[in-house]
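What follows is a single structure, written as structure tokens, with notes after it.
The values are calculated or read from the model by the stated rules, or taken from the named source; none is laboratory data. Keep in mind the model is a prediction, meaning the values are calculated, not measured. Don't worry about glycine lacking a Cβ; one is built from the backbone with ideal geometry, like all the others, and counts go over all protein chains shown.
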Amino acid sequence: MLTFAIFFPLVGALLIAALPKDQERSAKVIAAVTTAIVLAAVAYMFIDYDRGASGYQFIDSTTWLDSGISDFNLNYTVGLDGLSLPLVLLTAFLGLVSILISWRIELRPKEYFVWLLVLETSLLGVFSSLDLVLFFLFWELELIPMYFLISIWGSGNRIYSAWKYVLYTFFGSAFMIVGILTLGFTAGTFDIRELAEVGSFDDAIIPAWSIFTLLSIAFLVKMPIVPFHTWLPDAHTDAPTAVSVMLAGVLLKMGGYGILRMSLSIMPEQAADANVIFAVIAAVSIIYGAMMTLVQTDLKRLIAYSSVSHMGYVLLGVSSIGLVGLTGAATQMVTHGLITGMLFALVGMVYDRAHTREIGDLSGLATRMPFITAMMLVAGLASLGLPALAGFTAEITVFLGTFERHEAFTIIGVLGVAFAAGYILWMIQRVFWGPPDPKWAELTDATAWWERGPIIALTIAIVAIGVYPAWIMDLLRDGVAPIAERLA
Amino acid sequence: MLPDWGQVGFLLLIAIMFPIGGIGSSWLLGRIRMRPDYPDRIKEDTYECGVETEGPTWVQFNFRYYYFALLFVIFDVEAVFLYPYAVSGERLVVVGLIEMLTFVGILFIGLLYAWRKNALEWT
Amino acid sequence: MDDLNLLGPQLALLIGAGLIIIVDLLLPIVSRQAYQGRLPLLSGLALLAAAGSLGWSLALVLTDERGEAFDGMISVDDFTLFFNFLFAAVAGAIVLGSVDYLARHRFQGEYLALILIAAAGMSLMAAGTDLIMIFIALELQAIALFALVGISKNESGSEATLKFLLLSAISTAITLYGMAYLFGLSGETSLDGIASYVANTDENRSALVLAAVFLTAGLGFKMAVVPFQMWVPDVYEGAPTPITAFLSVASKAAGFAVVMRIFLAALGEGLITTDWAYLFAAIAAVSMTLGNVLALVQGNIKRMLGYSSIAQAGTILIGLAAVAAEDPQLLLGTSSVVFFLGAYAFTNIGAFIAIIAISHKIGSDQIADYAGVAKRSPLLAFALAACLFSLTGFPPTAGFIAKIYVFNAAVQADLVWLAIIGVLNSVISAYYYLRVVLNMFARDPETDEAFTPSPYLGAALAAAVVGLFAIGIYPTPLIEASESAARVFS
């Protein structure tokens, strides 16, 4: 079932690639159907998941590479637990959303949908791999579609941004593979479940803290943290809308997920030692990201920088190395994926109509596009942490979990929320309220089903988590509980 | 180990001494005027060996000589290997004959090649 | 006869070469017209010879026929067979890749015959277990390659040939000097004899080290590692592109095969020490870094691949350094080198054949002129992109597995620092490989005129691309083959 869900987008991609040239219009239909089926499969697993049981479920395992002379045995092992299942659900959901909001793509639609589907496969693979090398394979695979998507369908300085994105990630993952190989060599296995049982890596060929660093650099770059964040504003801004949604919604979570799944659960001792460093980095990211957000004049760039700040909360939660904080971090990943995904989708719709993202140029759009305005308000309020919306739930849990351990940093983190209120409301006020500009009198609201559908679905998800968070937070808590236990 | 290498080093030393000694003693004898010194134009010519050089040094040989040199190698190698075969031909019996025929056959292909590519024509 | 049976794969290639020459010579006598249209016939013969060689190797594998031949001059074992397959397959692919080039060329028979002879020589290099045999094989393929590099007789081709010839002669002399030392010390030319000498004596260590250094230097030329890489860019650029591919894959693999054979079979007992690992490791690190950095600034795609092949050779050397560091078992490092060579053969052959097809149509080797190839020929662009991704080491291609396997060998041999240098070099290489991909996909072409490769090129390219994805997705068969090849030395 899980294997089917991971590789089905690839099947769809091959189907689209095999389409004759004059059938390009049906590419998007195939893509939408494919992702819908994947979403259905993942939703089924979400319902079918046995919440009482511990450990991984839906495990598919087979030997992939069997080496007779060393411990280099690679297995194809995928499975889900409470931590990865919500992220897989998020990926499948945003995968469908990103296909729908690119319904009107004009430029080389066939290739575009192929790469989006390949991207989905690689992301699903990252979140469900239980073998380190398999994880690394999917992690690297994701770069190829992203490279094409940004460099071909992007806007502005797209080629530069694609480079920057690929080289930053590749740079991080270069260290990761050495860390992975060292871990595998020390423990004699690449299986994440078995590695988590090892506990201590003091007898490795290089000091354990250096393995921890090698592993974590890649995740921290991906997350991203200051000062490795500079790829993010460029990539987000220049990527096409749907890719920005995937990038902010899912790809950043690969970093957070990696930190939780690899760094923390495999090397708890070193992670516990590093918690102050994490807290410092988190606080810097939150405040620096928020301050940078305040001065942005480009809508997409503004949201991109707010992501830096918001992903800082994830790291802050991680630095608490306690159950509540980790749960908060995991929840923040899911909610940030939904909220920022929605923000990017809405900004994309504005850009499609106005052909500009400059905040200074836009004014009084509320009268022209009431639907987009209302939804932007919902997403914005969720982003700044209004109670009863998803963002609040996650952030309050992070702060509750972290306060005990890092009082000062938590207070700094709360300051970030105040900044968020500032930049979000200010942006909405400038863009949507204010005097209606006659220049924009011709603009229309989002009316098509493929625009409204995804946005409404995202809103429902955000409200659902905000009002009744237990349905996803319990799962995440069960997922991080074993990690928290090991850290204690 | 040192003794082994010592011999090599000694030989090396002699090898270096030889030319240095020759040139050096000649120069030294010239300095103290024990060696007669009557230079003339012919003596100071390059490669002085009695025959005067004539014409430019960059002479182009007719490239057909190379063809013939290469063809000569074919027959030369053939002969080199045929002699020992002929000497012990009795003991090698049939296998030896087959092997030799294969060898001559390969050389024959070479000759055939030269012939077909007109390497045997002088003009 | 057993000897001939064991030598079958190489004989098939040589007989094919002889047949091609005879047919090429005698055809004009039969019919002038048939001679004009001889290319399909001749390349068919060459392919048949390559296929015959592959088939014979396969038969040897299936009948489990192994052993020494010609009084221990050659040894047919899993290591030899692996390289038999490799060289015959590469020769076949090069023949397919040359058909378009040969159509405009006079020396069709000679060209094809020389490729087969060179492949036979390389295959004998891997098989040789005697210094004399190895040297003769080395010369056999080297002389064939000189003629091939210079066959187009234009200015850059002649310059390339001269450079190649002179440097090759020097490197051969140095190799021979190293061999002479080994012979002088041990009184044996067979690798077994040398091995027992090395294992049983403690004297003359420094002379042995000197011999090893000479051999490394001489064979470093074949492997094209720094500092013996000076010939690479010029020769790669000047030679006909199929020959460049042949050099970059087969000649390099043959160099590595001989190094492994001599060092592991003959010098393994005494010389493979941690110190030795550092020599290889240092060459590896310098080769990777220098090759990659210089490749960054190349505008000509053949030159770029030339520098990149230096870097790749450095990556392969990581495996050899791991062998040396690992002391008693020798297995993982050797196996990773063999595996990498196999994966690299598919990848690089694919890349060069795609370049032949594209450059032939757009009439340029400049990377800048590759703009928009994806619009004009999507399949070709995809194939070249796949090869370049594999060279960078992205999944799910052969290059990904190969790099992980080599780095794993390094980590297990306690060479973590070398693995880190290796992966950082992958990052550098991503820049210039992906630049080509970017040009093909993200930029607009000057004309929209579509083109497709000739069926020969298409077939070879398809085989290479399918191969590199197959290895990337299911590497176990090739891993097993390289492991059994490595077991020869344990």
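At a glance:
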quantity	calculated
Unique residue being at pLDDT below 95, of a type outside the set (Gly, Ala, Ser) and within 17 Å of C:Leu96 (Cβ to Cβ) when the list is C:Ile367, C:Ile401, C:Ile355	C:Ile355
Scope the stretch C:46-72; condition over 23 Å from the mean Cα position of the chain (by Cα) and either hydrophobic (A, V, I, L, M, F, W, C) or buried (at least 20 other Cβ atoms within 10 Å of the Cβ) (or both); matching residues	C:Ala59, C:Leu62, C:Ala69, C:Phe70
Qualifying residue in the stretch C:429-444 (condition: over 30 Å from A:Gly179 (Cα atoms) and assigned to a loop (DSSP other than H, G, I, E, B))	yes
Options A:Leu167, A:Leu149, A:Leu181, A:Leu134: the member that is in a helix (DSSP H, G or I) and either within 23 Å of A:Asp81 (Cα to Cα) or within 16 Å of the chain's Cα centre (by Cα) (or both)	A:Leu134
The stretch A:41-80, residues that are crowded, with 24+ Cβ neighbours inside 10 Å and within 25 Å of A:Val324 (Cβ to Cβ)	A:Leu80
Matching residues in the stretch A:198-209 - criterion: being assigned to a helix (DSSP H, G or I) and surrounded by fewer than 18 Cβ atoms within 10 Å (Cβ to Cβ)	A:Val198, A:Trp209
Residue in the stretch A:214-222 that is under 30 Å from A:Ser306 (Cβ atoms), within 10 Å of another protein chain (Cβ to nearest Cβ) and among the basic types (Lys, Arg) present	no
Residue within the stretch C:443-451 that is in contact (Cβ under 8 Å) with a residue 60 or more places away in the chain, crowded, with 24+ Cβ neighbours inside 10 Å and more than 7 Å from chain A (Cβ to nearest Cβ) present	no
Residue check, A:Val226 more than 11 Å from chain C (Cβ to nearest Cβ), within 19 Å of the chain's Cα centre (by Cα) and among the β-branched types (Val, Ile, Thr)	yes
Of all residues making up the stretch A:152-164, the number that are more than 10 Å from chain C (Cβ to nearest Cβ) and either outside any loop (DSSP other than H, G, I, E, B) or among the hydroxyl-bearing types (Ser, Thr, Tyr) (or both)	4
Residue satisfying all of: in the stretch A:72-92; at pLDDT 90 or above and part of a loop (DSSP other than H, G, I, E, B); farthest from the other protein chains (Cβ to nearest Cβ) among these	A:Gly82
Count - residues of the stretch A:177-195 that are touching a Leu at 6+ places or on another chain (Cβ under 8 Å) and either among the β-branched types (Val, Ile, Thr) or more than 9 Å from every other protein chain (Cβ to nearest Cβ) (or both)	12
Index of the failed condition, A:Arg104 passing every other in (1) more than 10 Å from chain C (Cβ to nearest Cβ); (2) among the basic types (Lys, Arg); (3) in contact with a helix residue (DSSP H, G or I) (Cβ under 6 Å, 6 or more places away or on another chain)	(3)
Filter pass, C:Ala285 being surrounded by 24 or more Cβ atoms within 10 Å (Cβ to Cβ) and touching a residue at least 24 places away in the same chain (Cβ under 8 Å)	no
Flag for C:Ala459 being surrounded by fewer than 24 Cβ atoms within 10 Å (Cβ to Cβ), in a loop (DSSP other than H, G, I, E, B) and not hydroxyl-bearing (Ser, Thr, Tyr)	no
Restricting the stretch C:389-401 to residues that are of a type in the set (A, V, I, L, M) and more than 11 Å from chain A (Cβ to nearest Cβ), the residue that is nearest to C:Ile349 (Cα to Cα)	C:Leu391
Filter result for A:Asp234 (among the charged types (D, E, K, R), away from chain C (no Cβ under 11 Å) and part of a loop (DSSP other than H, G, I, E, B))	no
Looking only at the stretch C:328-375, and only at residues there that are of a type in the set (Gly, Ala, Ser) and under 17 Å from C:Ser390 (Cβ atoms), the one that is nearest to the other protein chains (Cβ to nearest Cβ)	C:Ser336
Filtered residues of the stretch A:20-71 (kept if in a loop (DSSP other than H, G, I, E, B), touching a residue at least 60 places away in the same chain (Cβ under 8 Å) and within 14 Å of another protein chain (Cβ to nearest Cβ))	A:Glu24, A:Asp71
Residue list for the stretch C:157-214, restricted to those being touching a strand residue (DSSP E or B) at 6+ places or on another chain (Cβ under 7 Å) and free of Cβ contacts under 8 Å to residues at least 60 places away in the same chain	C:Thr189
Pairs with Cβ under 6 Å, 6+ apart, first in the stretch C:304-323 and farther than 19 Å from C:Thr244 by Cβ and surrounded by fewer than 24 Cβ atoms within 10 Å (Cβ to Cβ), second at pLDDT 95 or above and of a type outside the set (Gly, Ala, Ser)	none
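Here's the yes/no breakdown for (1) surrounded by 24 or more Cβ atoms within 10 Å (Cβ to Cβ); (2) farther than 21 Å from A:Thr91 by Cα:
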site	(1), (2)
A:Tyr147	yes, no
A:Ser151	yes, yes
A:Gly156	no, yes
A:Trp163	no, yes
A:Phe171	no, yes
A:Phe175	no, yes
A:Val178	yes, yes
A:Leu181	yes, yes
A:Phe185	no, yes
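So that you can scan it fast, the table gives a plain yes or no per residue for (1) farther than 30 Å from C:Ala398 by Cα; (2) at pLDDT 90 or above:
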| site | (1), (2) |
| --- | --- |
| A:Leu10 | no, yes |
| A:Glu24 | yes, no |
| A:Ala43 | yes, yes |
| A:Phe46 | yes, yes |
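Yes/no matrix, rows are residues, columns are (1) surrounded by 10 or more Cβ atoms within 10 Å (Cβ to Cβ); (2) of a type in the set (A, V, I, L, M); (3) at positive phi; (4) more than 23 Å from the chain's Cα centre (by Cα):
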residue	(1), (2), (3), (4)
B:Met17	yes, yes, no, yes
B:Arg35	yes, no, no, yes
B:Tyr38	no, no, no, yes
B:Ile74	yes, yes, no, no
B:Ala79	no, yes, no, no
B:Glu99	yes, no, no, yes
B:Lys117	yes, no, no, yes
B:Trp122	no, no, no, yes
